[in-house]
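**Q** Got a structure for you, questions after.
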Amino acid sequence: MTAGRHAVVLGAGIAGLLAARVLSEEFARVTILERDRCEGVQARRGVPQGRHLHGLLDSGRAVFEELYPGCTAELVRRGATAAEVLVHTRWYVGGARLVPTSTGLTSVIASRPLLEAVLRRRTCQIPNVRMREGITVRGLLGDADAVTGVATVADGRAEDITADLVVDATGRGSRIEEWLTDIGAAVPDTERLDVDLGYSSRLYRHRPGQLGGHSSVIVSTGTNGRGGGAVHIEGDRWLVTLAGMLGDHPPADPAEFPRYAATLSAPDIHEIVTDSEPLDDPVPYRFRASLRRHFDRMTAVPGGLLVIGDAQCAFNPLYAQGMTVAALQAAALRTCLDGAPATLAARFYAASADPVAAAWRLAASSDLSHPGVIGPRSLRTRLTNVYVAQVQRAAHHDPVVSRTFMRVAHLVEPPAALTHPVTAGRIMLRGSGFAYTRATPS
Ligand SMILES: Cc1cc2nc3c(=O)[nH]c(=O)nc-3n(C[C@H](O)[C@H](O)[C@H](O)COP(=O)(O)OP(=O)(O)OC[C@H]3O[C@@H](n4cnc5c(N)ncnc54)[C@H](O)[C@@H]3O)c2cc1C
């Protein structure tokens, strides 16, 4: 541990908590600065997405478990469900159900506030980590060469906090460009993909035996750009999220909610919402664009500053990648703490570039399969999308393809796993239009 060194983490969302956990191994003191007051298992103002379905991919869960041993069991003790991804949950992709088969993947089904509460409790128990709530970061201290702390305000009082390392984990609304400009530093290029996605989510009472005993159902956005999910979360509740792309947003009107659910490409979610007692009114959320700030491409970043989580790359939520990429970034950060502090940022962006890029490519390529999404469609993207459609058709019938498809989506295996000769042969055989028949849900 570096004697006397102080790291400050901005934001106590998933990325901030994971970063603080990792930095506690190297820094003498880690302070988390959070604008909200975080109490118990509650949705809060700074994380409005917390009211909506948050799927945790298995590669993210594995990092959570590495950093917080036993956290999966703790989540289950607190009411979450741990499910084999294709056995205990139903996945509809491309209009039909993926073959139920063992994938070796565990899905932890919980509300976002519960996931966060468990990580927060464990992080705040670390002796050299301190969390300050109700404090807002207003800017950076330092200059283009080195960040030396942050300017904050709490209860109307301004306070400068010095640090050897500042980590921006303030989420997709981060004001990092403005803060960098204020200290005379360069700003990164930003890549943006407009999807104009709308979510609407509602809680229902869960009864044993519903959905044939399965713990969740996911209906991916079909050709009409509509999709959704219903997951059995803590407190014996269904969290139902409906989603629609390109301005075709699901309604927040309780009477309209089931009608939109009826238009999805599988009936399961509609059955749940018409067969269960609603516990609240639908809550809407609008997500205009995926954003990627390319710190990895900058030739000069100020020393003493890292940007992590959604503040660096905010993914289309449909693919459930955000928390997992934050976890993979934290794991990458852990591998590069040894070495000169002045080059930590360069080491971190290099070490985390691959997982961020891989997730971004998967999501962007899927978004671009919708003709209305505007963006560059290279020949590679178009060929990939033709192939992915074949993969999906094959995955409706072939357990090997369905298993590999899910493992790629969970960022456990690289997309190349779908072009391995044995799998590719099965995809060609089962995924051609001629072999296609609609799978029947069990
Ligand atoms: C509708 C929706 C659904 C999603 N679904 C999924 C999903 O299924 N699976 C998944 O993995 N990901 C999902 N995500 C993404 C996921 O929420 C994030 O990727 C993940 O939580 C990491 O975010 P973060 O910690 O970087 O930022 P956030 O979770 O946004 O946290 C940022 C924190 O910073 C604090 N803060 C902000 N500004 C300041 C300031 N100036 N001073 C002090 N504190 C500040 C905020 O209060 C907040 O606590 C979804 C996102 C959305 C929008």
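The values are calculated or read from the model by the stated rules, or taken from the named source; none is laboratory data. Source: prediction; values computed, not measured. Cβ placement follows ideal geometry from the backbone for every residue including glycine, while neighbour counts extend to all protein chains displayed. These accessible areas exclude ligands, DNA and RNA; they are computed on the full protein's heavy atoms, side chains included. Shrake-Rupley method; radii C 1.70, N 1.55, O 1.52, S 1.80 Å.
**Q** Answer yes or no as to whether Val85 is closer than 26 Å to Gly134 by Cα and in contact (Cβ under 8 Å) with a residue 40 or more places away in the chain. Working first, answer last.
**A** Working: closer than 26 Å to Gly134 by Cα: no; in contact (Cβ under 8 Å) with a residue 40 or more places away in the chain: yes.
Spelling it out, it is not the case that Val85 is closer than 26 Å to Gly134 by Cα and in contact (Cβ under 8 Å) with a residue 40 or more places away in the chain.
**Q** Here's another thing I want to ask about it. Could you tell me which numbered condition Val153 fails, if it satisfies all but one of (1) within 14 Å of the ligand (Cβ to nearest atom); (2) surrounded by 17 or more Cβ atoms within 10 Å (Cβ to Cβ); (3) not acidic (Asp, Glu)?
**A** That leaves (2) as the condition not met.
**Q** Which one of these is open to solvent by 10 Å² or more (accessible area, probe 1.4 Å), within 30 Å of Asp398 (Cβ to Cβ) and modelled with pLDDT of 95 or more: Gly55, Gly79? Walk me through it before giving the result.
**A** Working: Gly79 fails: within 30 Å of Asp398 (Cβ to Cβ).
Just a single option satisfies the conditions, and that option is Gly55.
**Q** On to the next question. Restricting to the stretch 362-399, name every residue that is surrounded by 17 or more Cβ atoms within 10 Å (Cβ to Cβ), in contact (Cβ under 8 Å) with a residue 60 or more places away in the chain and in a helix (DSSP H, G or I).
**A** Once the filter is applied, which keeps residues that are surrounded by 17 or more Cβ atoms within 10 Å (Cβ to Cβ), in contact (Cβ under 8 Å) with a residue 60 or more places away in the chain and in a helix (DSSP H, G or I), the stretch 362-399 yields Ala363, Ala364, Asp367, Gln392, Arg393, Ala395.
**Q** Let me ask you something else. Of all residues in the stretch 50-97, which are among the aliphatic types (A, V, I, L, M) and assigned to a loop (DSSP other than H, G, I, E, B)?
**A** Here is the first cut: in the stretch 50-97, the residues among the aliphatic types (A, V, I, L, M) are 53, 56-57, 62-63, 67, 73, 75-76, 80, 82-83, 85-87, 93, 96.
Matches in the stretch 50-97: Leu53, Leu57, Ala80, Val85, Leu86, Val87.
**Q** Within the stretch 110-131, does at least one residue satisfy the condition of being in contact (Cβ under 8 Å) with a residue 12 or more places away in the chain, surrounded by fewer than 19 Cβ atoms within 10 Å (Cβ to Cβ) and touching a helix residue (DSSP H, G or I) at 6+ places or on another chain (Cβ under 6 Å)?
**A** Checked against the condition, which is being in contact (Cβ under 8 Å) with a residue 12 or more places away in the chain, surrounded by fewer than 19 Cβ atoms within 10 Å (Cβ to Cβ) and touching a helix residue (DSSP H, G or I) at 6+ places or on another chain (Cβ under 6 Å), the stretch 110-131 yields no hits at all.
**Q** Let me ask something additional. For the stretch 332-348, how many residues meet the condition of being within 16 Å of the ligand (Cβ to nearest atom) and touching a Leu at 6+ places or on another chain (Cβ under 8 Å)? Let's see the steps before the verdict.
**A** Narrowing the stretch 332-348 to residues within 16 Å of the ligand (Cβ to nearest atom): 332-333, 348.
Now drop any that are not touching a Leu at 6+ places or on another chain (Cβ under 8 Å), which leaves 333, 348.
Count: 2.
**Q** Moving on. Among the candidates Leu193, Leu211, Leu246, Leu203, single out the residue that is assigned to a strand (DSSP E or B) and within 30 Å of Gln392 (Cβ to Cβ). Before the answer, list the steps.
**A** Working: Leu211 fails: assigned to a strand (DSSP E or B); Leu246 fails: assigned to a strand (DSSP E or B); Leu203 fails: within 30 Å of Gln392 (Cβ to Cβ).
From the options Leu193, Leu211, Leu246, Leu203, the qualifying one is Leu193.
**Q** Taking the residues in the stretch 156-174 that are touching a residue at least 24 places away in the same chain (Cβ under 8 Å) and within 10 Å of the ligand (Cβ to nearest atom) as candidates, determine which candidate is surrounded by the fewest Cβ atoms within 10 Å (Cβ to Cβ).
**A** Ranking the qualifying residues of the stretch 156-174, first place goes to Arg172.
**Q** Within the stretch 292-325, take every residue that is open to solvent by 20 Å² or more (accessible area, probe 1.4 Å) and in a loop (DSSP other than H, G, I, E, B) and give me the one that is farthest from Ala186 (Cα to Cα).
**A** Per the criteria, the residue is Ala320.
**Q** Report, by residue number, each residue of the stretch 15-46 that is near the ligand (Cβ under 8 Å from one of its atoms) and open to solvent by 10 Å² or more (accessible area, probe 1.4 Å).
**A** Within the stretch 15-46, Ala15, Glu34, Arg35, Asp36, Cys38, Arg44, Arg45, Gly46 meet the criteria.
**Q** Related question: Hey, among the residues in the stretch 331-360 that are among the charged types (D, E, K, R) and assigned to a helix (DSSP H, G or I), which one's least open to solvent (accessible area, probe 1.4 Å)?
**A** That would be Arg347.
**Q** Which of (1) part of a loop (DSSP other than H, G, I, E, B); (2) within 14 Å of the ligand (Cβ to nearest atom); (3) closer than 28 Å to Val408 by Cβ; (4) not basic (Lys, Arg) is the odd one out, the single condition Pro100 does not satisfy?
**A** Result: Pro100 passes all but (2).
**Q** Does Gly50 qualify as being in contact (Cβ under 8 Å) with a residue 12 or more places away in the chain and either away from the ligand (no atom under 16 Å from the Cβ) or more than 19 Å from Ala326 (Cβ to Cβ) (or both)?
**A** Numbers: in contact (Cβ under 8 Å) with a residue 12 or more places away in the chain: yes; either away from the ligand (no atom under 16 Å from the Cβ) or more than 19 Å from Ala326 (Cβ to Cβ) (or both): no.
When the stated conditions are applied, Gly50 does not pass them.
**Q** Looking only at the stretch 242-269, which residues are surrounded by fewer than 20 Cβ atoms within 10 Å (Cβ to Cβ) and free of Cβ contacts under 8 Å to residues at least 40 places away in the same chain? Give the steps one after another, and end with the answer.
**A** Going residue by residue through the stretch 242-269, those that are surrounded by fewer than 20 Cβ atoms within 10 Å (Cβ to Cβ) are 246-248, 251-256, 258-259, 262-263, 265, 267.
Listed by number, the residues that qualify are Asp253, Ala255, Glu256, Pro258, Arg259, Ala262, Thr263, Pro267.
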